[in-house]
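Read-outs: derived from the displayed coordinates by stated rules, not from any lab. Bear in mind that the values here come from a model prediction, so they are computed numbers and not experimental data. Positions of Cβ are generated from backbone atoms using ideal geometry, with glycine treated the same way; all protein chains shown enter the neighbour counts.
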Amino acid sequence: MSFLTLDSLSKRYGETTAVDSLDLSIERGEFVSLLGPSGCGKTTTLQMIAGFAVPSDGRIVMDGRDMTDLAPNARGFGIVFQSYALFPHMNVSENVGFGLEMRKIAAPERIRRIRQVLELVRLDHLEDRYPRELSGGQRQRVALARALVIEPPLLLLDEPLSNLDAKLREDMQLELRNIQRNVGTTTLMVTHDQGEALSMSDRVVVMDQGRAMQIAEPFQAYEEPADIFVSTFVGKTNLLEGQVASDGNGRHCFELGHQRIELTGLGVVGNGPVRISIRPERLEMTPRRQGLVDGRVQTRQFAGDHWLYQIDTPVGLLLATCPNCGPAGFNVGDEVGVRWTPDSVRLLSDTPKTAVPVGGVS
Ligand code: ATP
């Protein structure tokens, strides 16, 4: 049995369905992220689990116990919000110890646990400082320590790193995940940042309009997106529209302008319009006439570890990335070819939760 189960959880605000029959099972010790665009229902889901919003339908079960109607403080979860709201008049130790005091934990035990958790988040040398005397990252760690010190069965994080600058945010992503691994607390994090969700999570729940579009390990969500929404929201991609045509002998082709891409190893593909997805890093740029399609470089951007090209081709504008192994190989205006291997292509069917590898160009 899973540790935390959301069973057909829904929340409606008048005409708005913020969360729509969400089913999710989380194992003990897992780190799961709710990922999706603004307004897709991430925070509402977290609020229902925390007990701050009452579900319209469905159940929340933890460790076999129905928590749906339990008051927030009776759930005993650790929560870190985007605005981590430390008490300004309390120093670091007092902020962290506040929850223990509320729980009437005796002073010696309180002091021991505060020390232990401050060591964990590497703030033991700053225990007497006040929040105004700390950097953003240090304040964020105090908020985390405050949530962890009560030894919660579940840690809920709502955009916990979004107030930090890019470099600190990356450092904290690593640090937060390491801390979570060390303490083993089951964690659910809300984020709209796909890089953050992919790099930190055991599994991601990609949400759109209150629904879970895909629940998968990060690699799988990226490599085998369930549908068009997931393929465009999780990472960048080239979406190409074409027609599937049958040759009458059980074989199918994807027709893209004048290109014909043979579909191999597919069980079900009917005739009609479909879309395929190819990730930019799977496109290889070649000299003209050596690729599968020819085109002209329209833009080039330097992104530090890679170059990003937009190539105008007869099948549409293609986005290609090349690792930075030295100066750029192509200039704006260059005539180039573009190729990809058959296993780079995903056929995005209208049927949710299927994306299948297709074959090479004929
Ligand atoms: P963001 O990333 O912008 O925080 P989100 O994915 O967390 O977005 P929610 O805050 O869960 O989204 O909101 C989901 C939907 O529910 C939105 O359409 C929002 O306007 C609506 N909503 C949220 N809270 C309320 C409320 N208290 N009353 C009415 N509508 C609400």
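Some points to look at:
- The angle between the Cα long axis of helix 107-120 and the main principal axis of the chain comes to about 20°, on a 0 to 90 degree scale.
- Whole-Å distance, taken between Cα centres, linking region 271-326 and region 220-246: 16 Å
- When 11, 42, 236, 104 are arranged by Cβ crowding within 10 Å, least crowded first, meaning fewest neighbours, the order is 104, 236, 11, 42.
- Positive end of the dipole of the chain (Cβ unit charges, origin at the Cα centre): among 213, 108, 34, the Cα lying farthest that way belongs to 108.
- In summary, no aspartates and glutamates lie within cross-link reach of residue 167, defined as a Cα separation below 12 angstrom excluding same-chain residues under 8 places away.
- Region 6-65: Rg to Rh, with Rh as the Kirkwood radius over Cα pairs: 0.95
- Antiparallel DSSP beta bridges within the chain, as percent of all bridges there, nearest 5: 80 percent
- Overall Cα dimensions of region 9-125 - principal axes, largest extent first, Å: 49, 31, 26
- In this structure, residue 87 and residue 324 have a Cβ-Cβ separation that, at R0 = 56 Å, corresponds to a calculated FRET efficiency of about 0.75.
- Net charge, residue 312 excluded, C-beta distance under 14 Å - Lys, Arg +1, Asp, Glu -1: 0
- Considering only alpha-carbon pairs that sit under 8 angstrom and 6 or more positions apart, the relative contact order computed for region 1-152 is 21 percent.
- Percent breakdown of C-alpha pair distances by 20 Å bin, ordered from the shortest bin, for the chain: 26, 46, 25, 4
- The aspartates and glutamates whose alpha-carbon is closer than 18 Å to the alpha-carbon of residue 236, local same-chain residues fewer than 8 away aside, are 193, 196, 208, 217, 223, 224, 227, 281, 284, 305, 312, 343.
- Remark on residue 80: its backbone amide H falls under 5 Å from those of 156, 157, 158, a criterion applied only to residues 5 or more positions apart or on other chains, H modelled at 1.01 Å from N.
- Based on C-alpha pairs under 8 angstrom that are at least 6 apart in sequence, the chain has a relative contact order of 15 percent.
- Between helix 92-102 and the chain there is an angle of about 70 degrees, using the helix long axis and the longest principal axis of the Cα atoms.
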